[in-house]
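Read through the structure below, which is laid out as structure tokens, and then see the notes.
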Amino acid sequence: MIKVTALAKSYGNRPILSDVRAEFSSGHLTSLIGPNGAGKSTLLMLIARLLAPTSGIITIDGTDIASLAVGDYAKRVATLRQRPDCNMRLSVEELVTFGRFPHSRGRLTAEDRGAVNEAIAFLSLEPLRNALIDEISGGQRQMAFLAMTIAQETQCLLLDEPLNNLDMKHAVQIMQALRTLCDELGRTVIAVIHDINFAANYSDHIVAMKDGAVHAAGSVSEVVTESGLGELYGLDLEIVERQQGCLCNYFTQKGKTR
Amino acid sequence: MPSREVCLGVGRAAVKRATIPVAFTALCLVSLTVGVNRMSLMALASLSDEAWLTLTASRLPRLAALVLTGVGLATCGVILQHVVRNRFVEPATTGGLEAAKLGILVALSVAPASGALVRASLALGFCFAASLIYVALIGRLQVKNTILVPVIGLMYGSVLGAIAEFYAYSRNMLQSMQGWLLGDFSKIVEGNYEIVWLVLPVVCAAYAFAHRFTLLGMGSDVATSLGISYRAMVALGLLLVSTTVAATVVAVGAVPFVGLVVPNVVALRQGDNLARTLPSVALGGASLVLVCDILGRLLIYPFEVPIGLTMGGVGGLLFLLLIVRQRR
């Protein structure tokens, strides 16, 4: 379990996060939602240790993450940033193999190769195995980076907008893959997700953020309500419950947006 | 039984893989046999003292210096490109070379009788400091664009070069500086080039850390997520680069373009995974230096054109071709 206590982050005098408290339970998929600039990505990068907090504590299974060595942390938590700006000429297979670096330190064992093959198969990337990542589409590259993160085989995965740039089919494929990771492999997934419908239909828990603080947190049914989301985004929403899942309709507004 | 196509494919791949090592070996042999002092294989076989002296005192040291310089410069070019995350940088375009120049000048003026080791140490120190400052400078850039990064490096290098020139001018060393700075292998004989062997441990270290340097090329976030202490690796990379620059500048002078052209050609053909491409980069660098040196020795035979000039011509042409190719 990852627990965030009294976390604050500011750049100079400008606070980005203040007094954030949240818990992310093991084996579950938690979505971070909220309007732009709410501090979702910053929170995720603080948990990933890619940013240092101004104050506050983040623990993983009771251990302060600041006390763990970089190499050890990489065996427990894998991070995929939004749009990794990487223009290197590597094949998809080579990229995914780098996901094994925390374990292999460059010397691949049979186990490492197995994990790479599994990650490639898991996201159906077999046809692209030898394609160069600077020559495939943005969505395919996103899938390749996700495969690298999965090959890292960590207990916890942090994903910043994994659905960015993806068409509907790829987006569904990734959300289903994340569900499988939680349900069958017991992984903990924390993802920043902008599409409220994906968040509502695939998550176990939702943490909604607004203005650098946690606005609401809880199970999907607790957070995804017309009044709650309306207040969070400043929009009129209609939530339609169907057999296959729920649908938040915010596309048409009665008046001008608030 | 594998089909004929598969056999042919495997054969072709083997030939392709063998191209660089075979070319490299051939160039080494040619380099040994070219020279004013005629040294036939017959004479060597008959154990003629003169032929053996020419071989061990001049030809072999020169070959070693050529190969080590080529291997070192190409390797440190590719490391710097991964550290800075830009394909158009090499020590000569990021101020490293000018800083090494300044280091040697300081060594020459403070302790004129000092040996190669003292000069190389000061060159290393200056080059390392200048590279750290350059990387910190680039890290602070808000807009990172492919052209801006090397252009800032060139400006930074010019400032350092101006300081070095002023220092040389004020101590009346300007002419001698231009003399030793132009890359030249013709003065290499046994006893005055050994400092260049420093390249060997550098290349071994580069190979040992190849995976980590590739990860640096993916950026600090990816590298950190995969368990690398980013700053320490950047410092190590710059230290390796500075050691190579210092050792080669002290032994043979500045040889341009090797660190720029060779890594780019290899990346186009084989990609950026250093664990796989470093051998090609190293041998490619050595081959390019050998070709330019042989050219320089033959062009106005029995005199020599310094390699700084031939490399400037050949390397510059290759670099232009690369740019034209990338545009298409």
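The values are calculated or read from the model by the stated rules, or taken from the named source; none is laboratory data. All values derive from a computational prediction rather than experimental measurement. Don't worry about glycine lacking a Cβ; one is built from the backbone with ideal geometry, like all the others, and counts go over all protein chains shown. With ligands, DNA and RNA removed, areas are computed over all heavy atoms of the protein, side chains included. Shrake-Rupley method; radii C 1.70, N 1.55, O 1.52, S 1.80 Å.
Quotient of the Cα radius of gyration of the range B:96-157 and 2.2 N^0.38 Å, N being its number of residues: 1.36. Surface calculation, 1.4 Å probe, protein heavy atoms: A:Glu222 sits at approximately 120 Å² accessible. Mean per-residue shielding of peptide B:207-215 is 3, counting Cβ atoms of other chains within 10 Å of each Cβ. With R₀ set to 22 Å, the beta-carbon distance separating A:Lys169 from A:Asn36 gives a calculated FRET efficiency near 0.30.
Treating only the Cα positions of chain A as identical point scatterers, give the base-10 log of I(q)/I(0) from the Debye formula at each q in 0.12, 0.13 Å⁻¹. The computed values of log10 I(q)/I(0) come out as -0.74, -0.86. Largest accessible area first, the listed residues B:Trp197, B:Trp180 line up as B:Trp197, B:Trp180 when surface is computed with a 1.4 Å probe on the assembled protein chains.
Filter chain B for me: DSSP H helices, axial length by Cα at least 20 angstrom, mean Kyte-Doolittle hydropathy not below 0.5. List them by residue number.
On the way: long enough: B:4-33 (41 Å, 1.04); B:60-84 (35 Å, 1.63); B:96-110 (21 Å, 1.63); B:116-140 (36 Å, 1.70); B:148-170 (33 Å, 1.36); B:230-252 (33 Å, 1.83); B:274-299 (37 Å, 1.45); B:307-327 (29 Å, 1.41).
Answer set is B:4-33, B:60-84, B:96-110, B:116-140, B:148-170, B:230-252, B:274-299, B:307-327.
Of the options B:Gly237, B:His211, B:Thr310, report the single residue whose Cα projects farthest towards the positive end of the charge dipole of the range B:204-328 (beta-carbon charges: Lys, Arg +1; Asp, Glu -1). Of B:Gly237, B:His211, B:Thr310, it is B:His211.
For the set B:Leu283, B:Leu288, solvent exposure ranked by accessible area (probe 1.4 Å, protein chains only) runs largest to smallest as B:Leu283, B:Leu288.
Each label was represented as a point 7 Å from its Cα along the Cα-to-Cβ direction; for B:Arg269 and A:Gln82 these points are 4.1 nm apart. For the protein assembly as shown, the spread of Cα coordinates along the three principal axes comes to 96, 71, 45 Å, biggest extent given first.
How far, in nm, would the chain grow between B:Leu321 and B:Thr146 when pulled straight, counting 0.36 nm per residue and subtracting the alpha carbon separation?
Numbers: separation 175, 0.36 × 175 = 63.00 nm, distance 1.80 nm.
Stretched out fully, the B:Leu321 to B:Thr146 stretch lengthens by 61.2 nm.
The residues A:Thr5, B:Thr33, sorted by heavy-atom accessible surface at 1.4 Å with ligands and nucleic acids left out, run B:Thr33, A:Thr5 from largest to smallest.
When the dipole is taken about the Cα centre of chain A, and only Lys, Arg (+1) and Asp, Glu (-1) are charged at their Cβ, what size is it in debye, to the nearest 20? Let's see the in-between values first.
Details: 25 positive and 29 negative charges, 120 e Å.
The dipole magnitude comes to about 580 debye.
Model label points for B:Ile133 and B:Trp197, set 7 angstrom from Cα along the Cα-to-Cβ axis, are 3.4 nm apart.
Spatial offset of the range A:231-256 relative to the range B:103-150 amounts to 60 Å, using the alpha carbon center of each. Taking all protein chains together and rolling a 1.4 Å probe, B:Glu98 ends up with roughly 40 Å² accessible.
Using the reciprocal of the averaged 1/r over all distinct C-alpha pairs, how large is the Kirkwood radius of the range A:58-148 in Å?
Computed over Cα pairs of the range A:58-148, the Kirkwood hydrodynamic radius comes out at 14.2 Å.
When peptides B:246-256, A:183-193 are sorted by average Cβ neighbour count within 10 Å, with the highest value leading, the order is B:246-256, A:183-193. To the nearest 0.05, how large is the calculated FRET efficiency for A:Asp183 and A:Ile136 if R₀ is 41 Å and r is the Cβ-Cβ distance? In this case the efficiency is close to 0.90.
Mean partner shielding of peptide B:222-235, defined as the number of other chain Cβ atoms within 10 Å of each residue Cβ, is 6.
Let me know the whole percent of all Cα-Cα pairs from the range A:132-258 that are separated by more than 24 Å.
36
Distance between the 7 Å Cα→Cβ label points at B:Ala111 and A:Thr5: 5.6 nm. Dipole magnitude for the protein assembly as shown: computed about the Cα centre from +1 point charges on Lys and Arg Cβ and -1 point charges on Asp and Glu Cβ, it is near 1120 debye.
Look at the stretch B:270-281: the mean tally of other chain Cβ atoms within 10 Å of its residues' Cβ atoms is 3. One decimal place: the segment A:Asn13-A:Leu68 gains 16.9 nm when fully extended, by the rule 0.36 nm per residue minus the C-alpha distance. Applying 1/(1 + (r/R0)^6) with r as the Cβ-Cβ distance of B:Thr33 and A:Thr109 and R0 = 60 angstrom yields a FRET efficiency of 0.80. Kirkwood Rh over Cα pairs of chain B into Stokes-Einstein at 20 °C, 1.002 mPa s: D in µm²/s? Diffusion coefficient, whole number: 103 µm²/s.
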